[in-house]
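Only one structure is covered here, and it is reproduced in the block below.
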Amino acid sequence: MGMKPHGAAPFDRLLAVYNLLMAAIWLAIGSRTAAAPWIGTAHMAAAALPVLLDRAPLQSRGMRFVRHAYPVAWLGIFWSEVDLLRRALHPYAHDAFIRALDIGVFGQPLHATFMASFPSLWVSEPLHFAYFAYYPAIGLPIVALAVQGRMTAMYEMYFRLMLAYLTCFCLFAIFPVDGPQHTQSFFVGHPASGVWYRVVHAVNGVGGSLGAAFPSSHAAGAVSIAYCAWLYFRRPVALLMTLHAGAVVLATFYTQYHYAIDSLAGLTTALVVQLWLAPALLAYDGRPVKLPVLPRVRWPVRASGGIP
């Protein structure tokens, strides 16, 4: 029993529910900004898209592409909306509280000290590359599953990733944190001469968003991708994605875009979603829940010394 390549999939319903939630929020704050009623209405219309796709014939290659690719397009739209919602709904962010929590947990502001303590390009460039590589890492596993014709796995991975991201986006809407990128000055030293440092700063200069720091969606996404890799890919790929996820968790605050507590919160969000929330929702939907096959650890066994 698995997800069928045709008909409404769990991620379709997930996107519909999120669109209805955003529609309710925008329509409720309609008096605060002139665009709110229009955005709310657009969300209501978008909530019906899964029903239309469910009824659409998928014989043409173009319709199949739309059917399989539209969640990725929604992800970009929802991310852009975070900034709009932060400015329209919240007069201030909660950075002061998060900074205090960050120091309480780690004893120091790691986002301000990590790069300054390790300014070598041998540290900076791999971490900035990992931060950038996160973007193609979102889509490449999905494409690989589609090319292999593993539609059940592809649809379930879509659901797991979208659930992780939309959980983050809901938290952004409720409890916005702008992050050090928007509230503090950057440490500028030897790392600024690196190629990947400049690439990452150029990309984030275009796609940065207010209110989207806590939890880190980079960390949540990378850890979710690694978890899915253990579900749907062979061990070498899963190990590679796990190493990448670890690098991203560190890179989020090494690059000074997040507080370290944001990364910890992103890691925690991913684990809660992948280990509990996603399996619960898939089981409720009548889907079989697959568990990851993790590498075995062989512990050394000491002689019992005669004890049976």
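For the reader, a short list of remarks on this structure follows.
- Phi-derived couplings, Karplus 6.51 cos²θ - 1.76 cosθ + 1.60 at θ = phi - 60°, listed residue by residue for segment 168-185: 4, 5, 5, 5, 4, 5, 7, 9, x, 10, 6, x, x, 4, 9, 10, 9, 7 Hz, with x used for Gly and Pro.
- Reducing segment 188-242 and segment 103-172 to their Cα centroids gives an inter-centroid distance of 3 Å.
- Under the simplified labelling scheme, the residue 268-residue 101 pair shows an inter-label distance of 0.7 nm, with each label point 7 Å from Cα along Cα→Cβ.
- Inverse of mean 1/r across different Cα pairs in segment 208-270, Kirkwood, Å: 11.6
- Residue 234-residue 183 pseudo-label distance in nm [points 7 Å out on the Cα-to-Cβ vector]: 4.6
- The Cα atoms of segment 167-209 give a gyration tensor whose axes a ≥ b ≥ c have a/c of 1.5 or more with a/b greater than b/c, which makes the shape prolate.
- Gain in span if fully extended, residue 113 to residue 28, counting 0.36 nm per residue against the direct Cα distance: 26.4 nm
- Taking a ≥ b ≥ c as the square roots of the Cα gyration tensor eigenvalues, segment 88-182 comes out oblate, since a/c reaches at least 1.5 and a/b does not exceed b/c.
- Highest average packing first - 249-262, 130-143, Cβ atoms within 10 Å: 249-262, 130-143
- Highest to lowest packing among 31-38, 112-119, scored as the average C-beta count within 10 Å: 112-119, 31-38
- Simple spin-label estimate for residue 198 and residue 275 in nanometres, 7 Å along Cα-Cβ: 4.3
- Electrostatic dipole magnitude of segment 68-284 [Cβ: Lys, Arg +1; Asp, Glu -1; Cα centre; debye, to 20]: 380
- Unit Cα scatterers, Debye sum, segment 68-284: log10 I(q)/I(0) for q = 0.08, 0.11 Å⁻¹: -0.27, -0.52
No value in this document is a laboratory result; all are computed from the given coordinates. All figures in this text were calculated on a predicted structure; none of them were measured in a lab. FYI the Cβ positions are ideal-geometry reconstructions off the backbone, even for glycines, and counts take in every protein chain you see.
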